[in-house]
Each structure stands twice: as C-alpha cells, then as structure tokens.
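First up is the structure itself, then whatever we jot down about it.
Read-outs: derived from the displayed coordinates by stated rules, not from any lab. Predicted model only: the values in this text are computed from it and were never measured. All Cβ positions, glycine included, derive from the backbone under ideal geometry; neighbour counts span all protein chains shown.
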C-alpha cells in the first residue's frame, strides 16, 4: 500500500484577561472555520484516497474567570504543511502555530465521494432545512397574545399529507415556537384569519430529531420535484447562512442522513 507523511498543525491562543470579549470569541470562530475549511479543501484535493479519513480537525477551549485559552489542530499531508502553517500564522499575530512530529500513514484508492457526500461530510450535524413556501401565522389574538398558530400552504407546492409525513413526531407538545406548535397541533388552513401575523421562518435540524419515516418522506418529496422548494442553512432555527445547492446535492444530502439514521437504528 502507498504511504503518506502527515503533520499535525496546531494553533494556540491564550489571554490573561477579558476572555469573554466579543473579539476573542470572533477569533475562536474564525480559527475554527479556517481549520474546517482547510480540511474540506484537503478532502476535495485528495478525494478518491482513503487518506482523507486521516485529516482530523480537533479543537479545545477552556476558561477560568477572565482567563481564556483555545487551540485547534489539523492533521495534514507533508506536501501541504508549510503553506498551511503560513495561512494559519496570519490569522492572529499573538497566536502560536506549531506542527507535531511526522506520522507515516498507509492509504489506498477508494471510490471518490460525490458532491453531496462531500457537503454532508463537512456540515454533518450543522444542517437545517425548511420549505419556505409553507408559511406559519400567529392569529386569534386575545389581549395582544396569539392563541392559535397555523400553517398555510395556499401557494406551497406540497400537500398537507406529505408535509405532515415529513414532520410527524419531530416536535413535542412543549416546543414553544409558533411553527413547532402549529406542526404539533396539525393546524393547516386554506387561508389565515384577517388578524393573522406572519411568523418567522423556522429551520429544522437535519439530524437525530428526524426519524427514518420523516427522512424517507422528505427524500421522496425531493425526488418528486420538491428539491427545488427545499432550502438548506447553517446556523440556528432562525438565522444563519443559506447554502446554494443543486437539487441533486439536496437529494443526496437527505439520502446521506437517512443512511446515518438507519445505521444508528440498527445498533
């Protein structure tokens, strides 16, 4: 089997005071994202080789009172190490960038990952989705408070039955955002009341909260032409970065999550 030399590149940063400042947190986020992006670039560069499983990104942080510390590390091929060290050293003048001892790892050729698999590999556990043409409304206000949350698919290219197959059992009775409440109560209307207020668009995690049946329904919908009506995001349930993906990649991502869920259920 062929062999490749790897180095572990580590970025360390500590501060004696003001750990909780926005600047320090932004630096932590920037470094984490830079390491994750570099791993993604290396996976794409060496796609088709089992060596990509050795490109491991680890991060660690700690704080005590106002003192803070964090580090990120990434195992990279020797051929890429010097360029990567220069890139990470430029992230912060007070950070320390080092590389560990050389490791020799065997690898073999494997079937290249598809674009959907590459995207899922990078963002797994961070993906959220919604069907934005299905609107959620708060209505029937009493003393200024909405007493009813409803969904309206008047302009949505999805049937009520398909929608609830996708979301059946995903949310609990005590989830308290308007969309979750409307889904749990299965409140679908042809038109909202005149006093209705459009609620914010909820983004559902594509992860363990969705059961196998939910994912199968979502995949079926995407394969039947619904992929173009599904949006994917990074971030939380309300805000975050939209991912501009092809319909094929969207279907592939759902398929990958379904495979993960089936594997977990088989244990």
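Annotations
- Scoring 185-196, 36-47 by mean Cβ neighbours within 10 Å over their residues and listing the highest first yields 36-47, 185-196.
- With 0.36 nm allotted per residue and the present C-alpha distance subtracted, the residue 78-residue 223 stretch has 48.0 nm of extension available.
- Nearest-ten-degree value, helix 212-223 long axis tilted from longest Cα axis of the chain: 90
- Across the chain, the mean sequence separation of Cα contacts (distance under 8 Å, 6 or more residues apart), normalised by length, yields a relative contact order of 19 percent.
- Averaging Cα coordinates gives a centre for the range 177-246 and one for the range 27-86; these two points are 32 Å apart.
- Peptides 167-179, 233-245, 206-218 ordered by packing proxy, namely the average of other Cβ atoms within 10 Å per residue, highest first: 206-218, 167-179, 233-245.
- The range 168-242 shape via C-alpha gyration tensor axes, a/c threshold 1.5: rounded
- Packing order of peptides 143-153, 114-124, highest average first: 114-124, 143-153 (average count of other Cβ atoms within 10 Å over each peptide's residues).
- Computed over the range 69-155, relative contact order equals 15 percent, with contacts defined as Cα pairs under 8 Å that lie 6+ residues apart.
- Residue-averaged 222 nm ellipticity for the chain, from DSSP H runs of 4+ at -39500 (n - 2.57), nearest 500: -11000 deg cm²/dmol
- Cα-based helix-to-principal-axis angle, 247-265 vs the chain, degrees rounded to 10: 80
- In terms of Cα atoms, the Rg and Dmax of the range 127-265 work out to 15.1, 49 Å.
- The relative contact order of the range 190-267, computed from alpha carbon pairs under 8 Å that lie at least 6 residues apart in sequence, is 34 percent.
- Per-pair calculated FRET efficiency, R0 = 25 Å: residue 92 and residue 4 via Cβ, rounded to 0.05: 0.30
- Förster radius 22 Å - calculated FRET efficiency between residue 47 and residue 104, Cβ distance, rounded to 0.05: 0.55
- Helix 22-45 axis, angle to the chain major axis (alpha carbon atoms, nearest 10°): 80
- Stretching the chain fully between residue 174 and residue 248 yields a gain of 23.1 nm (0.36 nm per residue, less the alpha carbon separation).
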